[in-house]
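Here the structure comes first, spelled out in structure tokens, and everything after it is commentary.
The values are calculated or read from the model by the stated rules, or taken from the named source; none is laboratory data. Predicted, not measured: the structure shown is a model, and the values here were computed from it. Positions of Cβ are backbone-derived with ideal geometry, glycine not excepted, and every protein chain shown enters the neighbour counts.
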Amino acid sequence: MKPTILVLGGGIGGVSTARELSRQIGNEDGINLARILVFEKEKSSLYAPSLTWMMVGKREEGQVYGDLSNVELGGIEVIYGEIASIDPENRTVTSNDREYKGDYMVISLGTKLTDTHDLSRYGHNFYTSAGASSFYEDLKKFGGGEIAVVVSSLPHKSPVAPYEAALLIEGYTREKEIRQNTNITLYTPEPEPMDFASKEISEKVRRLMNDKGINYKPEHELTSSGKNSLTFSTPEGTTAAAPFDLLAFTPKHTSPDIIQEAGLTGTSGWVEVDKQSLETSYENVYAIGDIISFPIGDGKMLPKAGVFAQYQADTVAHNIARMLRGEKPNKAFEAKGSYILDQGDKASKVDGSFEAENLNIKTSSMIRHWEKVLTEKTWFLKNF
Ligand SMILES: Cc1cc2nc3c(=O)[nH]c(=O)nc-3n(C[C@H](O)[C@H](O)[C@H](O)COP(=O)(O)OP(=O)(O)OC[C@H]3O[C@@H](n4cnc5c(N)ncnc54)[C@H](O)[C@@H]3O)c2cc1C
């Protein structure tokens, strides 16, 4: 019997894991040393970093998804359908009324997104392709007024995305010559932009927003929504009513129900893993990507970002391939990487070690914008 690896989720972490496993194990078409089963409920895989471009008409539906059938080579099979249950103790998964057993299991099921405060009645959840696209439909008709970008709760994936959304919307309104009669405001419960980073980085992002005339309202906790108006609680204990004509919001993020039902979540509400191997408390069961909690000191968490899901996938795939060859795992995940904040024509880049808070921010340039575009193109070319 060939060894079997179960990969739960066909998003950024799952696709990266399957591809890297296939390569590291030495699978080739016709000669497969191991079976790699990817479980995914959708037919295609969303590349969420492109959603902010979709909000301003720079990407369409067909450009933000990869067809999962293109991943099915090199011993990779995709099992389509909702995973109904997970048994980490026995490394089994149930999908389509069938039980699958693996020698190894890698969980990358992302987050469950829920709209709170009835926000979807009044605005657009831009963390989904449907919401990003419907926001753009309304933006096209928008002739001026109040635009609100609201972070409805913490934590959320991609801490940079709401800032990027506000900056891209600002660029769009300038291009369409409606900037002079448009107010853009970003409301967030965070005390400062990207508070996982240093004071200096937060200050630079604040300045960037300020230079573009975007109103920034930190420490604003959403308490209710209504037609054309939102209410927030602020540290002063007051509630501020905020008017809007067009609203984009982030949903509430939690770990998926099946993860909680499988007893995989720790006190944080997320899956706790060994920080170097990414193994859970169950032997040969690994978790990566948005689903994990990864403390980086000072009560801060590693941001939920695709770039880390990919590095974690590389680490886990490398070590599993070694174990299949009878070798000891020898790769440890390091929370290093870079994150680009796009403004349309230019972009800034934060990079370094997130764990050691040894991060720096590189000033805006056109090259960094194209670097982000290249990252997207590479994702699709390499994987689909
Ligand atoms: C607007 C936006 C902008 C972003 N920008 C960036 C950026 O610039 N850079 C960056 O690094 N990151 C960015 N991110 C974050 C990045 O998209 C995520 O961190 C990344 O997708 C996490 O990968 P994952 O594999 O953990 O989860 P996902 O990519 O969400 O994949 C999870 C998969 O599991 C599937 N699934 C869930 N439950 C089940 C079930 N029961 N059965 C079967 N399948 C299931 C889902 O359908 C999904 O395909 C952005 C995110 C958003 C929303």
Considering residues that are more than 16 Å from the ligand (Cβ to nearest atom) and either in contact (Cβ under 8 Å) with a residue 12 or more places away in the chain or under 16 Å from ILE291 (Cβ atoms) (or both), the number found within the range 1-20 is 3
For the range 241-265, give me each residue that is without any contact (Cβ under 8 Å) to a residue 24 or more places away in the chain and more than 23 Å from PHE142 (Cβ to Cβ). GLN260, THR265
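For (1) hydrophobic (A, V, I, L, M, F, W, C); (2) more than 16 Å from the ligand (Cβ to nearest atom); (3) touching a strand residue (DSSP E or B) at 6+ places or on another chain (Cβ under 9 Å); (4) modelled with pLDDT under 95, each residue gets a yes or a no:
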{"site": "GLY144", "(1), (2), (3), (4)": "no, yes, yes, no"}
{"site": "LYS157", "(1), (2), (3), (4)": "no, no, yes, no"}
{"site": "ALA165", "(1), (2), (3), (4)": "yes, no, yes, no"}
{"site": "THR173", "(1), (2), (3), (4)": "no, yes, yes, no"}
{"site": "GLU177", "(1), (2), (3), (4)": "no, yes, no, no"}
{"site": "ASN181", "(1), (2), (3), (4)": "no, yes, yes, no"}
{"site": "TYR187", "(1), (2), (3), (4)": "no, yes, yes, no"}
{"site": "ALA197", "(1), (2), (3), (4)": "yes, no, yes, yes"}
{"site": "GLU200", "(1), (2), (3), (4)": "no, yes, yes, yes"}
Which of (1) in a loop (DSSP other than H, G, I, E, B); (2) in contact (Cβ under 8 Å) with a residue 60 or more places away in the chain; (3) of a type outside the set (Ser, Thr, Tyr) is the odd one out, the single condition LEU154 does not satisfy? (2)
Counted residues in the range 101-135 being within 13 Å of the ligand (Cβ to nearest atom) and surrounded by 19 or more Cβ atoms within 10 Å (Cβ to Cβ) come to 15
Scanning the range 206-248 for residues that are β-branched (Val, Ile, Thr) and in contact with an Asp or Glu (Cβ under 8 Å, 6 or more places away or on another chain), which turns out nearest to HIS124 (Cα to Cα)? ILE214
Go through the range 157-204 and give me each residue that's hydroxyl-bearing (Ser, Thr, Tyr), part of a loop (DSSP other than H, G, I, E, B) and either farther than 25 Å from ILE12 by Cα or touching a His at 6+ places or on another chain (Cβ under 9 Å) (or both). THR188, SER198
Mind checking which pairs have a first residue in the range 70-93 that is in the same structural domain as GLN24 (by TED's automatic domain parsing) and a second that is away from the ligand (no atom under 15 Å from the Cβ) and of a type in the set (Asp, Glu), Cβ under 7 Å, 6 or more apart or different chains? LEU73/ASP29; GLY74/GLU28; GLY74/ASP29; VAL78/GLU72
Exactly one of ALA332, ALA321 is of a type in the set (Gly, Ala, Ser) and in a helix (DSSP H, G or I), and that one is ALA321
Of all strands (runs of 3 or more DSSP E) fully inside the range 227-305, the set with 1 or more residues that are assigned by TED's automatic domain parsing to the domain that holds THR92, surrounded by 20 or more Cβ atoms within 10 Å (Cβ to Cβ) and of a type in the set (A, V, I, L, M) is 285-287
Within the range 173-219, residues being under 26 Å from LYS304 (Cα atoms) and surrounded by 15 or more Cβ atoms within 10 Å (Cβ to Cβ) number 27
Restricting to the range 353-374, name every residue that is crowded, with 17+ Cβ neighbours inside 10 Å and either assigned to a strand (DSSP E or B) or of a type outside the set (D, E, K, R) (or both). PHE354, LEU359, ILE361, SER364, HIS369
For the range 28-54, pairs from a residue that is farther than 17 Å from ILE12 by Cβ to a residue that is crowded, with 20+ Cβ neighbours inside 10 Å and hydrophobic (A, V, I, L, M, F, W, C), with Cβ under 7 Å and 6 or more apart or across chains, are LEU33/ILE25; ALA34/ILE5; ALA34/ILE25; LEU37/LEU6; LEU37/VAL7
When you go through (1) of a type in the set (D, E, K, R); (2) within 21 Å of the chain's Cα centre (by Cα); (3) surrounded by 20 or more Cβ atoms within 10 Å (Cβ to Cβ) one by one for ARG91, which number turns out not to apply? (2)
Output the number of the condition that VAL149 fails; it satisfies all remaining conditions of (1) in a loop (DSSP other than H, G, I, E, B); (2) closer than 30 Å to SER268 by Cα. (1)
Looking at PHE333, PHE384, PHE380, can you tell me which residue is within 17 Å of the chain's Cα centre (by Cα), under 27 Å from GLY14 (Cβ atoms) and in contact (Cβ under 8 Å) with a residue 24 or more places away in the chain? PHE380
Note on ASP138: of the conditions (1) under 18 Å from MET301 (Cβ atoms); (2) surrounded by fewer than 22 Cβ atoms within 10 Å (Cβ to Cβ); (3) in contact (Cβ under 8 Å) with a residue 40 or more places away in the chain, unmet is (1)
If we scan the range 21-34, do we find a residue that is assigned to a strand (DSSP E or B) and either closer than 25 Å to LYS157 by Cβ or within 16 Å of the ligand (Cβ to nearest atom) (or both)? no
